[in-house]
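Presented below is the structure to which this report refers.
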Ligand code: NAP
């Protein structure tokens, strides 16, 4: 029986587990690994394990002990530490690895984007760009905005952040996407948002906020992705299944 580890935490990882099960049937052992950040994650097909491995060494040990034939890293484009650990551990354990990385969003001619290298740069640029900011960066990285003054924040996240991580003047909006353009526009209008801050996560599920900002002429601070890891990368689930088929032939 072939055994595959999917590093998850994304809609693509859930779709990949379903696609692998549909393609290879019961002769395939699928395990998805989640970091354990959200209390009620979407549960994928197959086995699920939760929690960190203990760095690259812990993951190397886990891969050897469990005898995986392949690893597909389908973590979020900004989960750079996990991706780096997977590169190192798969090389050490001699397990083939594929990166599934959804395409980044591309700016259209109607977009008013301010590209920045990271969240710290976004926080520095923000007071010059707007006074009422919608943050859609998740709950883990709000700390970068803690010391920004003269900006009122609305921070949207799946589960509430720790109060000590929030900027001084911040309203938390909890909600899980996908959101549509009409509801995103309504939200931006309701709070008088004049600047949107987002990481360039890519994908359709979170793209409606960009369409809403475009239609309301709201500028967007767009945080660039971390560097792409070495090795083979595909951009969608179908290509990942093809890779798996060829690799296990
Ligand atoms: P990260 O900074 O790259 O990883 C930090 C540590 O969390 C890793 O070193 C690893 O611990 C553990 N970890 C991360 N992903 C894991 C996984 N799938 N299975 C087991 N352990 C994992 O990750 P992050 O940015 O905090 O993201 C955490 C999870 O949330 C990821 O699975 C990611 O796909 C998902 N997510 C992230 C974002 C985002 O914007 N960053 C957005 C949506 C979903 P050890 O070193 O102990 O193994």
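The values are calculated or read from the model by the stated rules, or taken from the named source; none is laboratory data. Just so you know, these numbers come straight off a predicted model, no measurement behind them. Cβ: placed from backbone, ideal geometry, glycine included. Neighbour counts: every protein chain shown.
Among the residues of the range 14-32, those identified as assigned to a helix (DSSP H, G or I) and either crowded, with 24+ Cβ neighbours inside 10 Å or away from the ligand (no atom under 16 Å from the Cβ) (or both) are 16, 17, 18, 19, 20, 21, 22, 23, 24, 25, 26, 27.
The set of residues in the range 214-236 being in contact with a helix residue (DSSP H, G or I) (Cβ under 7 Å, 6 or more places away or on another chain) and not in a loop (DSSP other than H, G, I, E, B) consists of 215, 220, 221, 223, 234. Here is a list: 35, 70. Which entry is touching a helix residue (DSSP H, G or I) at 6+ places or on another chain (Cβ under 8 Å), touching a residue at least 12 places away in the same chain (Cβ under 8 Å), at negative phi and near the ligand (Cβ under 9 Å from one of its atoms)? Every option except 35 fails the conditions. Look at (1) surrounded by fewer than 21 Cβ atoms within 10 Å (Cβ to Cβ); (2) farther than 30 Å from residue 214 by Cα and you find that residue 99 fails only one, number (1).
Among the listed residues 77, 41, 96, 56, which satisfies the condition of being touching a helix residue (DSSP H, G or I) at 6+ places or on another chain (Cβ under 8 Å) and within 13 Å of the ligand (Cβ to nearest atom)?
Every option except 56 fails the conditions.
For every residue, the table says whether it meets (1) at pLDDT 95 or above; (2) in contact with a strand residue (DSSP E or B) (Cβ under 6 Å, 6 or more places away or on another chain); (3) buried (at least 17 other Cβ atoms within 10 Å of the Cβ).
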{"site": "136", "(1), (2), (3)": "yes, yes, yes"}
{"site": "150", "(1), (2), (3)": "no, no, no"}
{"site": "164", "(1), (2), (3)": "no, no, no"}
{"site": "213", "(1), (2), (3)": "yes, yes, yes"}
{"site": "227", "(1), (2), (3)": "no, no, no"}
{"site": "233", "(1), (2), (3)": "yes, yes, no"}
{"site": "238", "(1), (2), (3)": "yes, no, no"}
